[in-house]
1. Filter region 269-310 down to residues that are within 17 Å of residue 329 (Cα to Cα) and either assigned to a strand (DSSP E or B) or in contact with a strand residue (DSSP E or B) (Cβ under 8 Å, 6 or more places away or on another chain) (or both), then give me how many there are.
2. Would you mind finding the one in 331, 322 that is in the same structural domain as residue 265 (by TED's automatic domain parsing), surrounded by 12 or more Cβ atoms within 10 Å (Cβ to Cβ) and in contact (Cβ under 8 Å) with a residue 24 or more places away in the chain?
3. Go through region 277-310 and give me each residue that's surrounded by fewer than 16 Cβ atoms within 10 Å (Cβ to Cβ) and closer than 21 Å to residue 199 by Cα.
4. Please note which helices (runs of 4 or more DSSP H) are completely contained in region 1-85 and include at least 1 residues that are closer than 26 Å to residue 243 by Cβ and touching a strand residue (DSSP E or B) at 6+ places or on another chain (Cβ under 7 Å).
5. Suppose we filter region 194-211 for residues that are farther than 26 Å from residue 312 by Cβ and touching a helix residue (DSSP H, G or I) at 6+ places or on another chain (Cβ under 7 Å); how many remain?
6. Which of the residues spanning region 96-108 are out of contact with any helix residue (DSSP H, G or I) (no Cβ under 6 Å at 6 or more places or on another chain) and crowded, with 19+ Cβ neighbours inside 10 Å?
7. From the list 189, 214, pick out the single residue that is without any contact (Cβ under 8 Å) to a residue 40 or more places away in the chain, over 30 Å from residue 324 (Cα atoms) and touching a strand residue (DSSP E or B) at 6+ places or on another chain (Cβ under 9 Å).
8. Taking the conditions exactly as written (touching a helix residue (DSSP H, G or I) at 6+ places or on another chain (Cβ under 6 Å), modelled with pLDDT of 90 or more and over 30 Å from residue 202 (Cα atoms)), does residue 144 satisfy them or not?
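The values are calculated or read from the model by the stated rules, or taken from the named source; none is laboratory data. These numbers were taken from a predicted model, which means no experiment stands behind them. Cβ sites come from the backbone with ideal geometry, for glycine too, and all protein chains shown count toward neighbours.
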């Protein structure tokens, strides 16, 4: 009872995606005013929204309160003070989860490791800060403490770190219950469940994580004499990664120092993950699926950066200008992390379902690259900047 699957919107979010998430009965995790505005524009049910993120602005907190979001996840003591103040000013009592750092290291890239001691996120479990915070706010007039949230990182392929974090949280909840009388109604265990980018390899099943986590939660609470809180998980990549394919067109093929480069019409602007995290992807050539993979190709992006490499060492049929290249498993953290670096317009997003294709985000144009530029009057005269 009280359990919920919440989609992590940062993986991929649009108004159309909000409609899909709503139709599937999921909650929605947002981390900014912009993501919240997207959900509101799509008329997503606000009672199923969890507003996460560190460094929330006063404007964002007020927007969330006035919108009636279901939960605010507080990242620290000073933010919690502002949440309570905002709730009082708006007359909207707010449900709050406290984000904690369980001190668990997971085997993943350090940029997406979030649950270790010293992380920028959350309340530390060590020391007295958490207990003092619970004592101060458990009887607040303007906020309702519902429980706790943790997230240990992303792209984690074994369940031991998640299980360890649950065990640590259960012990912490027992200590808090003993010292304050506070019993958590909800425990949000985040996401981070690993997905292989190469479809030739199998990703771990979601229940290989959740079954062990739920067992640790239930048995731990029973041992400590605690009521079992409603369990919440927040997968993002696990839901959308395999649903996404990025289509590039080969612009040039050249051979340099024993390397065959196929330069495409996109790259780190639409998928920065290879450059940022060293992410490895796989691709196929739709028009040449029956041909032998006789070449080893480095797929180069369009940006003026040596590091803009989409894929290294791709086994491919011979490529020529005009070939389509389909990069697989790009549904997560590509479109949402896209930029217009080098003033490259962002590509469109197309939803393909049940034999139909619909544009859900328009392709940008060159005019869009200058849409928000302003030339001050004094610069409109020749050489006036001197």
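1. Count: 14.
2. From the options 331, 322, the qualifying one is 331.
3. Correct list: 278, 280, 286, 287, 289, 290, 291, 292, 293, 294, 295, 296.
4. Of the helices (runs of 4 or more DSSP H) lying wholly inside region 1-85, those with at least 1 residues that are closer than 26 Å to residue 243 by Cβ and touching a strand residue (DSSP E or B) at 6+ places or on another chain (Cβ under 7 Å) span 15-23, 33-41.
5. 2
6. 96, 97, 98, 99, 100, 101, 108, listed by residue number.
7. Criteria check complete, one pass: 214.
8. no
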